[in-house]
Amino acid sequence: MTIFLLVAVGYLLGSIPFGIILTRLFGAGDLRQIGSGNIGATNVLRTGRKGLAAATLILDGAKGAVAVLLARHFVPELGEHAAMIAGAAAMIGHCYPVWLNFRGGKGVATLLGLALALAWPIGLVFAVAWLGAVLLLRISSLGGMLGAISAPIAALALGYPVYAIGLAGLAVVVLWRHRENIARLRAGTEPRIGGKKETA
C-alpha cells in the first residue's frame, strides 16, 4: 500500500501540465497547437514568452524534487528506495499524463529536479552536462539527452547504486521520448537553438 501511494502521489504531481496552464493563463495560446506541440519549457519558449518558459522549466523541475522530498518526509523507513520510486513516478506522470491522453513532455526538466533532490551533486553533473552541451552545440534535445545519460553515471561514481539504477531507467525513457529528435540528429536535420524551424 505504501509503494502504491508513493507511485500514485508522484504520478499525479508529475502529471500537472504547467506549460499548458501558464500559457493559457497568460494568453499565450494552447501550447499543444504551437511548435512541436510538446508541453515542456522548450516549446513554451516558442511563444516568445521567455518568462513563461523559465517558469515552466522551474515548475516542471520542482515536480520531481517535491515528489522526492515528500517521500523522504512521509516514508523515511524506505529511505532512498522511496525517494527514487516517487521521483520516477513524477517523471512518468510528466511524460504520460492521464489528463492529456498520456501525451506529455520529454522529461528532462523533471528528471533534473528529482536528481537534484536525490543528491545535489548528481543534479549538478546533470545540469552541467545539459547546459554545457546546449551552449556548445546549440541543440536543445541533444543537451537534454546528454544530461539524462550523465545522471546515472554520476550516481554510480558518487556511490549511489540505487539511484544509479533508477536514473538509468529514466534516462532510457528520456531517450525514447526523444526518438524523433534522434532520427533528425542522425539525418543532420535537427535544428539548433535560434534557428528558424526549431522543433526539438
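Hey, Asn101 hits all of (1) modelled with pLDDT of 95 or more; (2) open to solvent by 10 Å² or more (accessible area, probe 1.4 Å); (3) more than 22 Å from Ala53 (Cα to Cα) but one; which does it fall short on?
Asn101 satisfies all of (1) modelled with pLDDT of 95 or more; (2) open to solvent by 10 Å² or more (accessible area, probe 1.4 Å); (3) more than 22 Å from Ala53 (Cα to Cα) except (1).
Among the residues in the stretch 149-169, are any under 23 Å from Arg184 (Cα atoms), open to solvent by less than 50 Å² (accessible area, probe 1.4 Å), assigned to a helix (DSSP H, G or I) and in contact with a Gly (Cβ under 8 Å, 6 or more places away or on another chain)?
No, the stretch 149-169 contains no residue that is under 23 Å from Arg184 (Cα atoms), open to solvent by less than 50 Å² (accessible area, probe 1.4 Å), assigned to a helix (DSSP H, G or I) and in contact with a Gly (Cβ under 8 Å, 6 or more places away or on another chain).
With the checklist (1) without any contact (Cβ under 8 Å) to a residue 60 or more places away in the chain; (2) within 23 Å of Ala183 (Cβ to Cβ) in hand, flag the one item Gly104 doesn't pass.
(1)
Determine if the stretch 70-91 includes at least one residue that is part of a helix (DSSP H, G or I), open to solvent by 20 Å² or more (accessible area, probe 1.4 Å), of a type in the set (Gly, Ala, Ser) and within 21 Å of Leu146 (Cβ to Cβ).
Within the stretch 70-91, the first condition is being part of a helix (DSSP H, G or I), and the residues that meet it are 70-74, 76-91.
Those left that are additionally open to solvent by 20 Å² or more (accessible area, probe 1.4 Å): 70, 72-74, 76-81, 85, 88.
Now restrict to residues that are of a type in the set (Gly, Ala, Ser): 79, 88.
When the remaining residues are screened for being within 21 Å of Leu146 (Cβ to Cβ), the result is 88.
Within the stretch 70-91, one or more residues are part of a helix (DSSP H, G or I), open to solvent by 20 Å² or more (accessible area, probe 1.4 Å), of a type in the set (Gly, Ala, Ser) and within 21 Å of Leu146 (Cβ to Cβ).
The rows are residues; the columns are (1) assigned to a helix (DSSP H, G or I); (2) hydroxyl-bearing (Ser, Thr, Tyr).
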position: Ile3; (1), (2): yes, no
position: Leu6; (1), (2): yes, no
position: Leu12; (1), (2): yes, no
position: Gly19; (1), (2): yes, no
position: Ile39; (1), (2): no, no
position: Thr47; (1), (2): no, yes
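The values are calculated or read from the model by the stated rules, or taken from the named source; none is laboratory data. Note that the structure is predicted; figures quoted are calculated from it, not measured. Cβ coordinates were reconstructed from backbone atoms using ideal geometry, including for glycine residues, and neighbour counts include every protein chain displayed. Quick note on the areas: whole protein, heavy atoms, side chains included, nothing else; ligands and nucleic acids left out. Shrake-Rupley method; radii C 1.70, N 1.55, O 1.52, S 1.80 Å.
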